[in-house]
Amino acid sequence: MTLLAIETSCDETSVAVIRDGRVLSSIVSSQIKLHAEYGGVVPELAAREHLRNLMPVARAALEAANVSVNELEAIAATQGPGLPNALLLGLKAAQAMAFALRKPFLGIHHHEAHLYSPWIAGDPPVADFAAFQPNVSLIVSGGHTILVHVTSELEHRVLGSTIDDAAGECFDKAAKLLGLPYPGGPEIDRLAASGNPRAFDFPRPMLRDPGDDFSFSGLKTSVRYFIRDNPQLLEQPATLRDLCASVQAAIVEVLVTKTVRAAQRLGVRCVTASGGVTCNRALRQSLEQACAQKKLALHLANKNLCTDNAAMIGILAERKLLHNVPETSLDAEIQPGWALA
Ligand code: KG4
Ligand code: ZN
């Protein structure tokens, strides 16, 4: 099946063309530079940029895939969750396309798509559902931290999520306190690489809590007070790197410990991770070590599929259509607050 997918839930305008589990093309136009000036995503600006970029990105995706509009057999788009006006543009454009082409349309849950992105690998990328096994999946992005039990293909149950800040938000807010530019996650990752993760002891919130929920706002607050009381540490490049490494170590330890613990408790043999924070090198390394130690298979989303992209939307949509999941109405509305069940 040849399918076109659109993702516009936040600050990436992305269009992908998928055929039989293969990602023929996936174009992502990121707005990070635009929003950096404001220190975070500005919803109205995001929507305006999607409007400007969607058609050129769609054209580029079709061209890169060497697929003409008439060859498309289905259309998909992110229906939620996300920024309302951003979602609206992608969803309505996709529905209009499906209407004009008289092809099936599928509205996709953004986080459900993240759940299957770790199964897409290789160059060119292909989804390997034959290798699929039940898993515990960690979704860590700027807005969400969710632990999910994926019981079988297209079946899942949310185990827990953050009760306050997301892990990515904690990276970004801590980075801001450390005087680093937005988005702070990649900056902390870069500086932490040559810092000492044991130099400073930051709290590991809810690490000992037996449940699967997370909390990161207390960690952010402790970074704030620590810097208020020790401002001189920011002036030395070496201590700044140690601070980055220590904050990162606290976030990573909580994420890894709780993910692996849930996998063991549920008796699954596989762990997966996706979302922007999964780009973090310390998180990738620590998950690799912990899973190897517990003899758990690990599938990490490729770095270019960790951040938001239409390839994962298209791969899941194609899979759903093959499993006869009903089409979405062309009148269906966006679901900005759609929670993963
Ligand atoms: O999934 P994503 O692109 O966007 C959504 O929030 O949906 O995730 C962005 C988040 C930001 O908080 C960013 O700082 C974080 O992912 N991030 C990282 C790294 N790369 C991106 N955090 C830590 N280390 C990184 N290398
Ligand atoms: Zn995302």
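Answer with yes or no whether K103 is open to solvent by 40 Å² or more (accessible area, probe 1.4 Å), closer than 18 Å to V325 by Cα, out of contact with any Lys or Arg (no Cβ under 9 Å at 6 or more places or on another chain) and away from ligand 1 (no atom under 16 Å from the Cβ). Criteria met by K103.
Restricted to segment 17-41, and to residues there that are touching a Pro at 6+ places or on another chain (Cβ under 8 Å) and either in a loop (DSSP other than H, G, I, E, B) or at pLDDT 95 or above (or both), the residue that is surrounded by the most Cβ atoms within 10 Å (Cβ to Cβ) is S26. Of everything listed in (1) more than 16 Å from ligand 1 (Cβ to nearest atom); (2) at pLDDT 95 or above, the single unmet condition for A341 is (2). Taking segment 286-326 as the range and being closer than 14 Å to V28 by Cα, touching a strand residue (DSSP E or B) at 6+ places or on another chain (Cβ under 9 Å) and not polar (S, T, N, Q) as the test, the residues that pass are L305, C306, D308, A310, A311, M312, I313, G314. Going by the conditions given, is S14 under 19 Å from S141 (Cβ atoms) and part of a loop (DSSP other than H, G, I, E, B)? The answer is no for S14. Give me a count of the residues in segment 181-219 that are touching a residue at least 12 places away in the same chain (Cβ under 8 Å) and outside any helix (DSSP H, G or I). Qualifying residue count for the region: 24.
Whether a residue is under 18 Å from the mean Cα position of the chain (by Cα) and charged (D, E, K, R) was assessed, and K294 does not pass this test.
Residues that are without any contact (Cβ under 8 Å) to a residue 40 or more places away in the chain and among the aliphatic types (A, V, I, L, M) within segment 119-130 comprise just one, A130.
Residues that are within 16 Å of ligand 1 (Cβ to nearest atom) and more than 15 Å from L138 (Cβ to Cβ) within segment 249-277 comprise A249, A250, listed in sequence order.
Test L330 against the stated conditions and say whether it is away from ligand 1 (no atom under 15 Å from the Cβ) and at pLDDT 95 or above. So L330 fits the description; yes. In this structure, K320 does satisfy being more than 18 Å from R198 (Cα to Cα), basic (K, R), at pLDDT 95 or above and in contact with a Leu (Cβ under 8 Å, 6 or more places away or on another chain).
Checking each residue in segment 278-293 for being closer than 11 Å to Q248 by Cα, open to solvent by less than 20 Å² (accessible area, probe 1.4 Å) and either assigned to a helix (DSSP H, G or I) or more than 9 Å from ligand 1 (Cβ to nearest atom) (or both) picks out only L283. When you look at L316, is it crowded, with 24+ Cβ neighbours inside 10 Å and not small (G, A, S), yes or no? For L316, the condition - crowded, with 24+ Cβ neighbours inside 10 Å and not small (G, A, S) - is met. On the given criteria, is A175 among the hydrophobic types (A, V, I, L, M, F, W, C), over 24 Å from V23 (Cβ atoms) and outside any strand (DSSP E or B)? Taking the combined requirement at face value, the residue satisfies it. The residue that is surrounded by the most Cβ atoms within 10 Å (Cβ to Cβ), counting only those in segment 261-277 that are in a helix (DSSP H, G or I) and free of Cβ contacts under 8 Å to residues at least 40 places away in the same chain, is R261. Against the test of being more than 16 Å from ligand 2 (Cβ to nearest atom) and polar (S, T, N, Q), the options S25, S9, S14, S30 yield a single qualifying residue, S25. Filtering segment 246-277 to residues that are more than 22 Å from the chain's Cα centre (by Cα), of a type outside the set (D, E, K, R) and over 14 Å from L147 (Cβ atoms) leaves S246, G267.
The values are calculated or read from the model by the stated rules, or taken from the named source; none is laboratory data. This one's a predicted model, so the numbers in the text were calculated from it and none came from an experiment. Here the Cβ is made from the backbone with ideal geometry for all residues, glycine too, and neighbour counts use every protein chain on show. Ligands, DNA and RNA are excluded from the accessible area calculation, which covers all protein heavy atoms including side chains. Shrake-Rupley method; radii C 1.70, N 1.55, O 1.52, S 1.80 Å.
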